[in-house]
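To start, the structure itself, in structure tokens.
Since every read-out is calculated from the coordinates, none of them should be taken as a lab result. All values derive from a computational prediction rather than experimental measurement. Counting neighbours? That spans all protein chains shown, and the Cβs are built from the backbone with ideal geometry, glycine included.
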């Protein structure tokens, strides 16, 4: 892969503990000859010395727009206004048209416009003419404004489902129309974009699935003797940990008391601890807080059942990791998860929010080990075939290469 493929990546926060898959993607593209420059709207709040070596390098080399030197900010904005001339006023007008109603909405629009000015100036200084944005959030709006200013080519990776819950507020239709290429991580994500866009825009949308490193791929499925449950994810309402605690309480009333590890940190930790105590299952529950990738891999090896009872997801990487690790999995029948797990073939799916169904699914996998093992083996094969990181990175690289060969008109 020749190095003339030069791309700027923009993320709302990079690097970040919850965006490790983006780090893997960027490193993988660089290994394939792409020159990737990274920009982040918000700073990484973790201490530099606490990060793995590759994330330390990324943090050091990433432009953080909100950390733009204050003494230089006014001059650079003035220079950008003169640099982009009439495009500056077109972008400003565009930001106001796309603003949410009210003073706060227009104040945020002004902030996005300023961020786009700084980003466009950074792109021009590095002679970068392709901007790729992960997620359809506010960073994508900055990307749209940046395209108006710099006439760069613009592509997105859309994960969902958050963007789909507020199509108008997120100005998702405008983002679709301004994009030159849209990478969708699932067929579900593509279908939701097709729903709100013109047929002419559908050709922009290509499904390229996420993938995981081969290091998660277990050589064999070996279920531990202990009844241990594992849930990995941020402690936030969308992940459904409250439903899992209710299912645990139902099992306890039946005399079954498996141990549950909730791995991850988040705003819900205190409430989950309180709920576990109220339900009488606190002694069965261990909340680990944020963990390293290696520590998480150890937990996969020790778990008898992996449970992710989410209310909202794209396609969760932790579920891919658990499947690859040989852990029988239970998750919710929502969004793109049904593409990852076929019910009773590669795992068990329940309706989101149904704690009774979740309790019954847990019992099934704990007391039917042969069935659980068959699901785990099929899940491993599914990940190896459809969610292999290197293979899917090859597909993404081909998309970007073909895109960069096509003529684009500002």
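Here each label is just a point 7 Å from Cα along the line to Cβ, and for residue 351 and residue 162 those points are 2.8 nm apart. Taking the C-alpha atoms only, the angle from helix 86-97 to the longest principal axis of the chain is near 40 degrees.
Of the residues 73, 98, 366, the one that moves most in a GNM of the chain with alpha-carbon contacts below 10 Å is 73.
Please work out the FRET efficiency for the pair residue 126 and residue 386, using the Cβ-Cβ distance as r and a Förster radius of 30 Å; give the result to the nearest 0.05. It comes to 0.25. At full extension, residue 278 and residue 195 could sit 25.6 nm farther apart than now, given 0.36 nm per residue minus the alpha carbon distance. Rounded to the nearest 10 degrees, the angle from helix 369-386 to the longest Cα principal axis of the chain is 20 degrees. Mean-square fluctuations from a GNM of the chain, with a 10 angstrom spring cutoff on Cα atoms, peak among 272, 119, 195 at 195. Springs between Cα atoms under 10 Å define the GNM used for the chain, and in it the highest mean-square fluctuation of 292, 150, 12 occurs at 292. In segment 214-387, the DSSP beta bridges split such that about 5 percent are antiparallel, to the nearest 5. Quotient of the Cα radius of gyration of segment 214-387 and 2.2 N^0.38 Å, N being its number of residues: 0.93. When mean projected area of the Cα convex hull in nm² is calculated directly from the model, which label among [x] 18.0; [y] 24.4; [z] 20.9 fits? Read-out from the structure maps to [z].
Mean separation of Cα pairs under 8 Å and 6+ residues apart, divided by the residue count of segment 251-383: what relative contact order is that in percent? Relative contact order, segment 251-383: 20 percent. Against the longest alpha carbon principal axis of the chain, how many degrees, from 0 to 90 and to the nearest 10, is the axis of helix 70-84 turned? Taking the Cα atoms of the chain, the angle to 70-84 is about 60 degrees. Every helix of 4 or more DSSP H residues in the chain counts as -39500 (n - 2.57), and over all residues that averages to -15000 deg cm²/dmol at 222 nm.
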